[in-house]
Number of protein chains: 2
Amino acid sequence: MDRLRLSQHISRQFNEELETMRSLVLRMGGLVEQQLGIGVRCLRERESAGLKQVVEAEREINRLELSIDEDCVRIMVRRQPAASDLRLLLMAGKTVADLERMGDESTRVAKLAARLVAGPFEPRYLDELAALGEITREMLRGCLDAFARGDVALARRVMAEDKIADRSYKAQLVELAEYMERLPAIIPRAIDGLFVARSLERVGDHCKNICEQVIYLVRGEDVRHPKSRREQADQTSEQGTSGDLAAG
Amino acid sequence: MDRLRLSQHISRQFNEELETMRSLVLRMGGLVEQQLGIGVRCLRERESAGLKQVVEAEREINRLELSIDEDCVRIMVRRQPAASDLRLLLMAGKTVADLERMGDESTRVAKLAARLVAGPFEPRYLDELAALGEITREMLRGCLDAFARGDVALARRVMAEDKIADRSYKAQLVELAEYMERLPAIIPRAIDGLFVARSLERVGDHCKNICEQVIYLVRGEDVRHPKSRREQADQTSEQGTSGDLAAG
């Protein structure tokens, strides 16, 4: 966490509060990882145990989201932090929102996966969904590590993996469409398969969001929407305003 | 905005800064509404003009997201605001993230809608997608009004509408599945239809998120995850901690 500028804090208690918040975010991330893992294992091993755990984890994830948001406001009020820490707190709020939505998507994956492995569904399509699941799970693990260690290089690698996830997602849409054309009776199940793929692809997007936030925190560099950002910079310089906090 | 406790601020300049931020959020919301409107009109009128506008609006939406986040941090640093205003700023950050994702979903709707109306697709399915689009557009208008006026009653009405959107969404999944079974040649187009329905349903979810944030800001009452919240309250009272900022 020292790379996230925590070393600048004089108050040890403040450091501890930020550290506690960080570990709550990581705990939340760990629960999402567990949820996603259950869905992916279900697709791979064709066994749907663990659904109850998924629902329990969802509740704990929601509870953590509320609790971390309250902590953010509490810390801001007590400590009147500097710009870099305020940014950390604002981004923590966004990160937990991303994690919460990943939790929702993972719950959806696990429930649909249980239906898919129960019905008549060709194994190779399950395998391909499981493979996409493994990619996004790897991305999730990577983005949590990047968050924990403030590791910009890792964050960039995870962001690059999102392209692989997108390619796999698109290929599966085409294959599932062909499967449906070949075997119309499979259509309702194959629609479940489409939505599993879609939810997994969304998990990848949320990982990318979190990585962008990690880079912003460590480097003070906002890498969201690079194109819009350039336009904004152009406009700012045209208007002659200073944008005094943009970099620091 | 006075219902959002702005009346408590002594500094007129601070009020103005918050007011500016609020109008930027509303401008962003207006752009998303415009994007969504183009997609819905395309479904209803079978004409795909306005796609260029959608892409342009997306860039402006992204630019506004970055700019509002920077404003939040800037205001926090300059003003060292009280808890209620910090909550407002934290929630503004979440609201713009929701708006940005609604913008993405709306762009997707417009692009897929243009494909749907070009191909052979039975008009009644287009009409039903358009009807779902109108529901979510109404929700978006409602949640922006609720945000602008701090109107809790309106926010609750919009949240209730989300159930109607969900029912319409689920009904359309079933109907599109039947359509595909009846006419396998339509499968690739019908998958586009599924994803239009899914994106519209997601827009409804984001509206609900924003309404929850409005209620939180006005009432200091966090209505996200009511079940998890009760559990959290139980745990807090068991642990005997005070949760001093939870209500104020």
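The values are calculated or read from the model by the stated rules, or taken from the named source; none is laboratory data. What you see is a predicted model, and the numbers here were worked out from it, not measured in a lab. Counting neighbours? That spans all protein chains shown, and the Cβs are built from the backbone with ideal geometry, glycine included.
Here are a few things to note about the model shown:
- When segment B:172-189 is filtered for residues that are more than 9 Å from chain A (Cβ to nearest Cβ) and touching a residue at least 24 places away in the same chain (Cβ under 8 Å), the ones remaining, listed by number, are B:GLN172, B:GLU175, B:TYR179, B:ILE186, B:ARG189.
- In segment B:48-83, the residue that is farthest from B:SER106 (Cα to Cα) out of those that are within 9 Å of chain A (Cβ to nearest Cβ) and among the polar types (S, T, N, Q) is B:GLN80.
- Residue count for segment A:118-130 satisfying the condition of being buried (at least 16 other Cβ atoms within 10 Å of the Cβ) and modelled with pLDDT of 95 or more: 5.
- Selection from segment B:69-98 of residues that are of a type in the set (A, V, I, L, M) and under 18 Å from A:ASP69 (Cβ atoms): B:VAL73, B:MET76, B:ALA82, B:ALA83, B:LEU86, B:LEU88, B:LEU89, B:LEU90, B:MET91, B:ALA92, B:VAL96, B:ALA97
- If the condition is being of a type in the set (A, V, I, L, M, F, W, C) and within 17 Å of B:LEU140 (Cβ to Cβ), then segment B:31-55 contributes B:LEU31, B:VAL32, B:LEU36, B:ILE38, B:VAL40, B:CYS42, B:LEU43, B:VAL54.
- Selection count, segment B:28-66, where residues are assigned to a helix (DSSP H, G or I), basic (Lys, Arg) and surrounded by 15 or more Cβ atoms within 10 Å (Cβ to Cβ): 4
- Any hit, segment A:149-169, residues being within 13 Å of chain B (Cβ to nearest Cβ) and either closer than 13 Å to A:GLY204 by Cβ or crowded, with 16+ Cβ neighbours inside 10 Å (or both): yes
- Residues located in segment A:208-226, provided they are within 14 Å of another protein chain (Cβ to nearest Cβ), in contact with a helix residue (DSSP H, G or I) (Cβ under 9 Å, 6 or more places away or on another chain) and either part of a helix (DSSP H, G or I) or crowded, with 23+ Cβ neighbours inside 10 Å (or both): A:LYS208, A:ASN209, A:ILE210, A:GLU212, A:GLN213, A:ILE215, A:TYR216, A:LEU217
- Residue in segment A:113-128 that is aliphatic (A, V, I, L, M) and closer than 28 Å to B:GLU100 by Cα present: no
- For segment A:53-73, the tally of residues that are in contact (Cβ under 8 Å) with a residue 40 or more places away in the chain and under 13 Å from B:ARG87 (Cβ atoms) stands at 2.
- Among the residues of segment B:124-168, those identified as in a helix (DSSP H, G or I) and among the acidic types (Asp, Glu) are B:ASP127, B:GLU128, B:GLU134, B:GLU138, B:ASP145, B:GLU161, B:ASP162, B:ASP166.
- Selection within segment A:189-207 - surrounded by fewer than 23 Cβ atoms within 10 Å (Cβ to Cβ) and more than 17 Å from A:LEU43 (Cα to Cα): A:ARG202, A:ASP205
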